[in-house]
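A.B. asks: Sharing a structure here in structure tokens format.
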Amino acid sequence: MSEGNKIIRMANQIATFFHSQPASEGPGGVATHINKFWEPRMRRQLFDIVDNHGGEGLDSLVLKAAPLIHRPKPAEVPPAATVSA
Amino acid sequence: MSLVPEIDFGTPAARSEKMVTLTIDGNEITVPEGTSIMRASMEAGIKVPKLCATDMVDAFGSCRLCLVEIEGRNGTPASCTTPVAPGLVVHTQTSRLKSIRKGVMELYISDHPLDCLTCAANGDCELQDMAGAVGLRDVRYGYEGDNHVKARSNGETNARWMPKDESNPYFTYDPSKCIVCSRCVRACEEVQGTFALTIEGRGFDSRVSPGMHEHFLESECVSCGACVQACPTATLTEKSVIEIGQPEHSVVTTCAYCGVGCSFKAEMRGEELVRMVPWKDGQANRGHSCVKGRFAYGYSTHRDRILNPMIREKITDPWREVTWEEAYAHTAAEFRRIQYQYGRDSIGGITSSRCTNEETYLVQKLIRAGFGNNNVDTCARVCHSPTGYGLGQTFGTSAGTQNFDSVEHTDVVIVIGANPTDGHPVFASRLKKRLRQGAKLIVIDPRRIDLVSSPHVQASYHLPLRPGTNVAVVTALAHVIVTEGLYDEKFIRERCDWSEFEDWAAFVAEPRHSPEETEALTGVPAEMLRAAARLFATGGNGSIYYGLGVTEHSQGSTTVMAIANLAMATGNIGREGVGVNPLRGQNNVQGSCDMGSFPHELPGYRHISDDSTREIFEKLWGVTLNDEPGLRIPNMLDAAVEGTFKGIYIQGEDILQSDPDTKHVSAGLAAMECVVVQDLFLNETANYAHVFLPGSTFLEKDGTFTNAERRINRVRRVMTPKNGYADWEVTQNLAQAMGLGWNYSHPAEIMDEIAATTPSFALVSYDYLDKVGSVQWPCNEKHPLGSPIMHTDGFVRGRGKFIRTEYVATDEKTGPRFPLLLTTGRILSQYNVGAQTRRTDNVLWHEEDRLEMHPHDAENRGIRDGDWVRLASRAGETTLRALVTDRVSPGVVYTTFHHPMTQANVITTDFSDWATNCPEYKVTAVQISPSNGPSDWQVEYDELSRQSRRIKGKLEAAE
Ligand code: SF4
Ligand code: SF4
Ligand code: SF4
Ligand code: FES
């Protein structure tokens, strides 16, 4: 399974749990969970799917949660890359 | 230094609140009602001679040595079986008593060998002591008559004589020295609960016998050693004592195997460990232990231990031994190079649940302060992370609610997804004791575990659910409790949010959650489930104990919440005898979680995004901390495969063997440029390592472990580290090489730092632990003596939160290709990945991992007991031998994962818990077919291991 698919599966698993919770808790619940536990790299991959691939494969609740998920800072450029550039 | 003194009071303590005053040898003494005269005397400092009594078991009154005289009563009653009464006047030493005692001793000695000088118990023999105490000076009878002492008597074979039984690897049984006091039999029954020993024959002919005249090794005996400890003579003796001699000093420390956290006296001669004896004052184990803690310490001196640091450029190179300085400098340079090349977040580390709190704390500190990121995780990820999440959400704190003593007050116990007799043996013994007193038991497990039916213990209900349906079963239990009105409304209104309860109650009450509706799914008969629910809700104090069979599922966190819901709905939280109790696997899983091993939280479970918490550590450490959560172990491996994660420092874990989907783990490790493994042995993960730092054992360092009941126990150094350094020193030296100015001279200073930064540890210090023995966190101003039971006057989060728990089938489904469900577990004699226990004589009980399958499934496939079978899932395949048994239901197969050759995790998949990524070990769809030998992967892997264990200038390291 490619890593992108893994991100989708993990996000959808979280959404599945919150689908069963009271509707008002849904999007906030998913977003809080992802903000709390997902490293920026993972959130970047998620936003890549949301922004550049029309959120394909993602549960509707994940898409609803997306505006509430913290956008990570852009990936850090390693010192080595700046030197060689 | 001297031996840690322990007083034997002769009979167990009485529980009564009512006090009784009497006079013994002119001393007035007040004791609880029900106390024996023997114990009361001992409390007054008067030692009444005794042989068959010891305070770990109930009195039996057979030796007649402890007789006393009581004014106004006839005869000479036995003080061990006679309870105190108000106003009694007791004499323990009179001329009549003296002569009776001498006579008794004379008879004992006349049938006892007189080889005291060369006897292993010389200096530690109660028979010797008593002969001295009663003033025995001569014995009128010889060995000419009937005796058990001589192999030949009057030139003929003596039929009464029996040879030694040396079958058990750790202790011997020498019947010629037995005085038939039955202390061993009672210890096996009352303390261990195995009932392996009996007294065979009658009168002079009687002898102790394991089972039906079997050898110890073949009998039911589980080698806990309680009988050896109870034996007053050399009849049952540790082989180590026979070999080495009597210890001269002892030190109290804590077992490094399972989460029970038993306290032991390490009994020493110089720096040589003579034996481990469970410590009576140990508050987790109360003087008992299992075979691992008591006997399986031989790994610490095993020749496979690596004692010098090693490095290599490529994992295909042989290892090269280097100095510590070179190893630190190389590692530091590599980590800095990788960060320079790939960015700050490209390295991380893993803390160990087998190391001390102090060591774990240092590793996470190194990562957060030295690496400058939060890429720290721990193997608790793969076992109990859902406990943290689930209990955090519902109760507000990620830990079990009770102490182990609580089980003495429980009336109905649910054991779900745990196998205590194998995984948590001392807890199991304590539970069985309570069950024999009449408490009821409900077992929820796919497999018929030993507790379901064992001597004098019978579960009221065993719900044999299909693996992966925990949520459905626990929710169905709640359905019955809610729809039949069995919930505890008063408790819920007082302690929980009533509207949340109503929402939850409406949810579980939906007909689709009824046992009748879910039966087809779970395989649990509806009537049985209803009866179990009623029993739990109405049977008095209800407690729930659970293990990895709950957490290691894609819905692990949801099941933990469902369990918490059940406890709150029935009012079973916040007092003795109730509660929600995770049984932790490794010795310091609780501690490693407490110490900030998770990538999203600092010590004390405080989220990394919380500014005020970060500030505490930033001030103290003099750095700026990253406020974003780091990578979890599976995420690290994913990132490694993607190419953004390149270096890792792994202390005391073997992720290649313990983590699921071995191929994914090895691909991740292989993609890294600097893998540093710190361990006792070249473990499986070390096959992919570039730097190896030798580790030290728990006998070689100071520190603390925190057990499953949140109890902080001291670990004390009894010998010099063979590798030269305790693990905390290695981490400190590495940190210094990376430019951090650490300067701890003793782990006590690390604990002081923990206490200063973490409110739940505020009052913990080594001095304090020396004073009180051990303490359960939170231990602070509000709870200076610690907290044996949590949530006593309210939940940590305020009000208990009911959360809906919808069952979601795992994606791991059986189908035509993989029609069976594999679930995994552990057994008593082995521990986790087995690196330690496999290097002890414990292998005698478990030489290999076996695949348990139901006769029906076996027959369908033409498999007989003992055949080699191929076990395949969509992730991979392996081979092992079958064990055909009806302990598992049709459609379910079961194995352990203690041996690297089995590679059971080649089979498990990368599916995981939705909330925590805890892997779904407990459900894998598999197929099984006959096979005639190891799979290609096993052969290849074996070759790889051999290659990667080569050390330059040395013969191939053995495994
Ligand atoms: S070692 Fe334990 S199980 Fe075995 S006979 Fe002794 S008390 Fe019983
Ligand atoms: S083996 Fe030891 S404890 Fe057991 S009856 Fe004999 S002397 Fe007593
Ligand atoms: S392994 Fe567990 S039960 Fe056994 S002695 Fe050690 S802590 Fe106690
Ligand atoms: S000690 Fe009381 S009868 Fe043996």
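A.B. asks: Among the trypsin sites (Lys or Arg not before Pro) within the range B:185-224, which fall in a DSSP loop and have no more than 12 other Cβ atoms within 10 Å of their own Cβ? Intermediate results must be reported in sequence, preceding the final value.
C.D. replies: Values: sites: B:R186, B:R202, B:R207; in loops: B:R202.
Those that pass, being in a loop and sparsely packed, are B:R202.
A.B. asks: I would also like to ask the following. To the nearest 20 debye, what is the magnitude of the charge dipole of the protein assembly as shown about its Cα centre, counting +1 on the Cβ of each Lys and Arg and -1 on the Cβ of each Asp and Glu? It would help to have the intermediate numbers written out before the result.
C.D. replies: Numbers: 105 positive and 130 negative charges, 186 e Å.
The calculated dipole for the protein assembly as shown is roughly 900 debye.
A.B. asks: Can you give the extra length, in nm with one decimal, that the chain gains between B:S2 and B:E749 once fully stretched, where that is 0.36 nm per residue apart less the Cα-Cα distance? The partial results should precede the final answer.
C.D. replies: Values: separation 747, 0.36 × 747 = 268.92 nm, distance 2.64 nm.
My answer for the length gained is 266.3 nm.
A.B. asks: Moving on to the next point. Would you mind computing the Rg to Rh ratio of the range B:820-948 from its alpha-carbon coordinates, Kirkwood style for Rh?
C.D. replies: Working: Rg = 14.6 Å, Rh = 15.2 Å.
So for the range B:820-948, dividing Rg by the Kirkwood Rh gives 0.96.
A.B. asks: Moving on. Sorted by accessible area (1.4 Å probe), largest first, how do B:D913, B:D411, B:D405 line up? Display every interim value, and only then the final one.
C.D. replies: Values: B:D913 0, B:D411 50, B:D405 30 Å².
Largest to smallest exposure gives the sequence B:D411, B:D405, B:D913.
A.B. asks: How much length is gained on full extension from B:R303 to B:E516, taking 0.36 nm per residue of separation minus their Cα-Cα distance?
C.D. replies: Details: separation 213, 0.36 × 213 = 76.68 nm, distance 5.80 nm.
Result for the pair: 70.9 nm of gain on full extension.
A.B. asks: Next question. Please compute how much accessible surface disappears when A pairs with B, both sides summed, using a 1.4 Å probe, and round it to the nearest 100 Å². Walk me through the numbers on the way to the answer.
C.D. replies: On the way: alone 5650 and 34590 Å², together 37300 Å².
Summing both chains' loss of accessible area gives about 2900 Å².
A.B. asks: Still on this structure, please answer the following. For the range B:474-561, what relative contact order do you get, as a whole percent, if you take Cα pairs closer than 8 Å and at least 6 residues apart?
C.D. replies: Numbers: 62 pairs, mean separation 30.1, N = 88.
Across the range B:474-561, relative contact order equals 34 percent.
A.B. asks: Let me ask another. Label point 7 Å out from B:R817 along Cα-to-Cβ: which residues of the range B:911-929 have amide N under 14 Å?
C.D. replies: The answer is B:925-928.
A.B. asks: Can you give the net charge of the other residues whose Cβ lies under 12 Å from the Cβ of B:R381, counting K and R as +1 and D and E as -1?
C.D. replies: Working: positive: B:R632; negative: B:D377, B:E552, B:E653, B:D659, B:D913.
Result for the neighbourhood of B:R381: -4.
A.B. asks: Around B:R39, under 13 Å between beta carbons, what's the net of Lys plus Arg minus Asp minus Glu among the other residues? Working shown, then result.
C.D. replies: Working: positive: B:R15, B:K47, B:K50; negative: B:D8, B:E33, B:E43, B:D55, B:D58.
My count for the surroundings of B:R39 gives -2.
A.B. asks: I'd like the FRET efficiency for B:R946 and B:W845, computed as 1/(1 + (r/R0)^6) with the beta carbon distance as r and R0 of 35 Å, rounded to 0.05. Write out the running numbers ahead of the final one.
C.D. replies: Details: r = 27 Å, r/R0 = 0.77.
The calculated FRET efficiency here is 0.85.
A.B. asks: Same structure again: Pick out, in residue order, every one of the trypsin sites (Lys or Arg not before Pro) in the range B:751-797 that is DSSP loop and has at most 16 other C-beta atoms within 10 Å; say none if there are none.
C.D. replies: Working: sites: B:K771, B:K782, B:R797; in loops: B:K782, B:R797.
Listed in order of number, the matching sites are B:K782, B:R797.
A.B. asks: Shape call for chain A from the C-alpha gyration tensor, a ≥ b ≥ c root eigenvalues: rounded (a/c under 1.5), prolate (a/b greater than b/c) or oblate?
C.D. replies: prolate
A.B. asks: Moving on. For the cross-link pairs B:K365/B:K771; B:K239/B:K292; B:K280/B:K432; A:K73/B:K922; B:K239/B:K922, which exceed 27 Å when the distance is taken from alpha carbon to alpha carbon? The partial results should precede the final answer.
C.D. replies: Numbers: B:K365/B:K771 29 Å; B:K239/B:K292 15 Å; B:K280/B:K432 19 Å; A:K73/B:K922 38 Å; B:K239/B:K922 39 Å.
With Cα atoms farther than 27 Å apart: B:K365/B:K771; A:K73/B:K922; B:K239/B:K922.
A.B. asks: Sticking with this one: Can you work out ³J(HN,Hα) from phi for every residue in the range B:663-677, in order, using Karplus 6.51 cos²θ - 1.76 cosθ + 1.60 and θ = phi - 60°, giving whole Hz and x for Gly and Pro?
C.D. replies: Listing the rounded values in order: 5, 5, 4, 5, 5, x, 5, 5, 7, 8, 9, 9, 9, 10, 10 Hz.
A.B. asks: Let me ask another. So which residues in the range A:1-44 end up with at least 50 square angstrom less accessible surface once the other protein chains are there, compared with the chain by itself, probe 1.4 angstrom?
C.D. replies: In the range A:1-44, residues shielded by partner chains: A:E3, A:K6, A:R9, A:Q13, A:F17, A:S20, A:H33, A:K36, A:F37, A:E39, A:R41.
A.B. asks: If contacts are Cα pairs under 8 angstrom and at least 6 residues apart, what is the relative contact order of the range B:82-206 in percent?
C.D. replies: 18
A.B. asks: Skipping prolines and chain starts, which residues have an amide H placed within reach, meaning under 5 Å, of the one on B:W279, given they are 5 or more residues away or on another chain?
C.D. replies: For B:W279, whose amide H was placed from the backbone, the distant partners under 5 Å are B:S263, B:F264, B:K265, B:G287.
A.B. asks: Hey, what's the range B:19-133 come to in accessible area per residue, 1.4 Å probe, Å²? Numbers along the way, then the final one.
C.D. replies: On the way: 5080 Å² over 115 residues.
Ligands and nucleic acids excluded, the result is 44 Å² per residue.
A.B. asks: Let me ask you something else. For every helix of n ≥ 4 consecutive DSSP H residues, a contribution of -39,500 (n - 2.57) applies; sum these over chain B, divide by its total residues, and give [θ] at 222 nm rounded to the nearest 500 deg cm²/dmol. Display every interim value, and only then the final one.
C.D. replies: Details: 29 runs with 265 residues, N = 959.
Counting only the DSSP helices, I get -8000 deg cm²/dmol.
A.B. asks: Let me ask something else. Lysines near B:K102 by alpha-carbon distance under 23 Å, same-chain residues fewer than 8 away left out - which ones?
C.D. replies: Within reach: B:K47, B:K50, B:K177.
A.B. asks: Could I ask something else about it? Residue by residue through the range B:636-645, which ³J(HN,Hα) values in whole Hz follow from phi under the Karplus form 6.51 cos²θ - 1.76 cosθ + 1.60 (θ = phi - 60°), with glycine and proline marked x?
C.D. replies: Using θ = phi - 60°, the values come out as 4, 5, 4, 5, 5, 5, 6, x, 10, 10 Hz.
A.B. asks: What distance in nm separates the two pseudo spin-label positions at B:D865 and B:Q736, each 7 Å out from Cα along the beta-carbon direction?
C.D. replies: It is 6.0 nm.
A.B. asks: If I fit a long axis through the Cα atoms of helix B:611-621 and take the longest principal axis of the Cα atoms of chain B, what angle between them do I get, 0 to 90°, rounded to 10?
C.D. replies: Helix B:611-621 sits roughly 70 degrees off the main axis of chain B.
A.B. asks: With a 1.4 Å probe and every protein chain kept in, tell me what percent of the accessible surface of the protein assembly as shown is carbon plus sulfur. Working shown, then result.
C.D. replies: Numbers: 18980 of 37300 Å².
C and S atoms contribute 51 percent here.
A.B. asks: 5 Å is the cut-off here: which amide hydrogens, built 1.01 Å from N in the peptide plane, fall below it relative to B:G891, excluding neighbours closer than 5 in sequence?
C.D. replies: Here B:H854, B:D857 satisfy the definition.
A.B. asks: Report the full-extension gain for the segment B:E527 to B:E502: residue separation times 0.36 nm, less the Cα-Cα distance, to one decimal in nm.
C.D. replies: Numbers: separation 25, 0.36 × 25 = 9.00 nm, distance 2.56 nm.
Going from the current span to full extension adds 6.4 nm.
A.B. asks: Kindly state, to the nearest 0.05, the FRET efficiency for B:E642 paired with B:S765, given R0 = 25 Å and r defined as their beta-carbon distance. Walk me through the numbers on the way to the answer.
C.D. replies: Details: r = 44 Å, r/R0 = 1.78.
Between B:E642 and B:S765 the formula returns 0.05.
A.B. asks: Where the eigenvalues come from the Cα gyration tensor of the range B:128-215, what are the semi-axes √(5λ) of the equivalent ellipsoid, largest first, in whole Å?
C.D. replies: Details: eigenvalues 127, 72, 29 Å².
Equivalent-ellipsoid dimensions as semi-axes: 25, 19, 12 Å.
A.B. asks: Skipping prolines and chain starts, which residues have an amide H placed within reach, meaning under 5 Å, of the one on B:S912, given they are 5 or more residues away or on another chain?
C.D. replies: HN-HN under 5 Å from B:S912: B:E920.
A.B. asks: Then there is this: Take the Cβ-Cβ distance between A:T32 and B:K619 as r, set R0 to 30 Å, and report the resulting FRET efficiency rounded to the nearest 0.05.
C.D. replies: Working: r = 28 Å, r/R0 = 0.93.
My answer for the efficiency is 0.60.
A.B. asks: What does the net charge come to around B:T558 if you take all other residues with beta carbon closer than 10 Å to its beta carbon, with K and R at +1 and D and E at -1? Spell out each step's value before the answer.
C.D. replies: Values: positive: B:R804; negative: B:E806, B:D913.
So the environment of B:T558 carries a net charge of -1.
A.B. asks: Which angle from 0 to 90°, rounded to the nearest 10, does the C-alpha axis of helix B:425-436 make with the longest principal axis of chain B?
C.D. replies: Relative to chain B, helix B:425-436 is tipped by roughly 60 degrees.
A.B. asks: In addition: Give the cross-link partners of B:K663 among the lysines, using a straight C-alpha distance below 17 Å as the criterion and excluding same-chain residues fewer than 8 apart.
C.D. replies: Within the straight-line limit of under 17 Å, B:K663 reaches these lysines: A:K6.
A.B. asks: Now for a separate question. For helix B:470-483, report the angle its Cα long axis makes with the longest principal axis of the Cα atoms of chain B; keep it between 0 and 90° and round to the nearest 10°.
C.D. replies: Between helix and principal axis, roughly 70 degrees.
A.B. asks: What relative contact order, as a whole-number percentage, does the range B:152-301 give when Cα pairs under 8 Å and 6 or more residues apart are counted?
C.D. replies: Dividing the mean separation by the residue count of the range B:152-301 yields 18 percent.
A.B. asks: Follow-up. What per residue convex hull volume, in Å³, do the alpha-carbon atoms of the protein assembly as shown yield? It would help to have the intermediate numbers written out before the result.
C.D. replies: Working: hull volume 192.4 nm³, N = 1044.
Looking at the protein assembly as shown, the number lands at 184 Å³ per residue.
The values are calculated or read from the model by the stated rules, or taken from the named source; none is laboratory data. This structure is a prediction, so every number in the text was calculated from the model and none was measured. Counting neighbours? That spans all protein chains shown, and the Cβs are built from the backbone with ideal geometry, glycine included. Ligands, DNA and RNA are stripped out before the accessible areas are found, and what is left, the full protein with its side chains, is counted by its heavy atoms. Shrake-Rupley method; radii C 1.70, N 1.55, O 1.52, S 1.80 Å.
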